[in-house]
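S.K.: Structure incoming, see below.
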Amino acid sequence: MSALEERSWAADDWSAPRAAIVRAEGLRKTYRAHGLELDALRAVNLSVARGEMVAVMGPSGCGKTTLLNCLAGLDTIDAGHVLIDGVDLASLSDARRADYRAQRMGFIFQNFNLLPVLSAAENVELPLLLLRVSAREARKRARAMLDAVGLSHRERHRPAELSGGQRQRVAIARALVNEPAIVWADEPTGNLDTEAADEVMELLTRLNRERRQTLVIVTHAPDISARAHRLIRMRDGRIVTPG
Ligand SMILES: Nc1ncnc2c1ncn2[C@@H]1O[C@H](COP(=O)(O)OP(=O)(O)OP(=O)(O)O)[C@@H](O)[C@H]1O
Ligand SMILES: [Mg+2]
């Protein structure tokens, strides 16, 4: 056994040679609109370890949302490769890619994206019903997840009957209920006041540590990036810190 293999890594040492769950190489994305070409991603290389919590920061318009969408296979790329757990999403058909996302990924957005006519529990169980989990099992797991985010007393409430922080916690429960390997969050606290933002970040950090879910989180808030294992800075379509 080599010296490298013998070395034992501390659980939170993210320089350890873990298998990458996200690997992007030479990623390029060019938007073409209104006669303009805009290079939103310029040869991005990035790798994220399983269980890692990575914060992505950078000025408005530098390509953070584009990066997340391209990594998650929500948007097409113009060059390069994205491998999620060794799978090249671009090589899958649209249906297989959607299936892969439903099974392996969770999404959290700045504006919550909850369905207004559904209760908290119904919003959370939706991803499971799409995965053809039985109604009974889906409700059971949705309840357990709402409990984990501290909202079991609000399961019948609709989004309009919840505070902003509570809505985002429902959205987090929805993102995590299928036990995804990787969770993408685009400014999850952008619409929350400081106190609600703190609660949501506390929750995300705890879930990342307890469930070992990989979390890639775009944020403008320095205190959020301080909680992450690693900070990636972007500028003008490039990563300017080692990815
Ligand atoms: N659908 C699109 N069509 C054309 N250009 C786009 C499109 N989406 C984004 N862009 C452009 O690509 C660049 C990167 O946008 P992106 O949304 O990734 O930035 P961002 O870093 O997430 O910014 P913010 O912090 O404001 O959310 C911007 O200049 C934007 O105008
Ligand atoms: Mg954005």
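Just so you know, all these numbers are worked out from the coordinates, no wet-lab data involved. Note that the coordinates shown come from a computational prediction; the quantities given were computed from them, not determined experimentally. Backbone-built Cβ (ideal geometry, glycine too); neighbour counts: all protein chains shown.
S.K.: What whole-number distance in Å separates the alpha-carbon centres of segment 24-96 and segment 109-162?
M.R.: 29 Å
S.K.: Starting from the 7 Å offset along Cα-to-Cβ, what nm value, one decimal, do you get for the label separation of E195 and S152?
M.R.: For the pair E195/S152, the computed spacing is 2.4 nm.
S.K.: With labels modelled as points extended 7 Å from the Cα through the Cβ direction, what inter-label distance (nm, one decimal) is found for S47 paired with K140?
M.R.: Taking the two extended label points, one gets 4.0 nm.
S.K.: Which of the peptides 176-183, 120-127 is most tightly packed, and how do the rest follow, judged by the mean count of other Cβ atoms within 10 Å per residue?
M.R.: So the peptides 176-183, 120-127, ranked by packing, come out 120-127, 176-183.
S.K.: Kindly identify segment 90-243 as rounded, prolate or oblate by the Cα gyration tensor criterion: order the square roots of the eigenvalues as a ≥ b ≥ c, call it rounded if a/c is under 1.5, otherwise compare a/b with b/c, prolate if a/b is larger, else oblate.
M.R.: Values: a/c = 1.91, a/b = 1.24, b/c = 1.54.
Note, shape of segment 90-243 comes out oblate.
S.K.: While we're looking at this one, here's another question. Out of the DSSP beta bridges found with both residues in the chain, what percent are antiparallel (nearest 5)?
M.R.: On the way: 19 of 36 bridges.
The antiparallel proportion sits near 55 percent.
S.K.: Still on this structure, I have one more. 222 nm [θ] for the chain, helices only, -39500 (n - 2.57) per DSSP H run of 4+, per residue, to 500? Walk me through the intermediate numbers first.
M.R.: Details: 8 runs with 85 residues, N = 243.
Result for the chain: -10500 deg cm²/dmol, rounded to the nearest 500.
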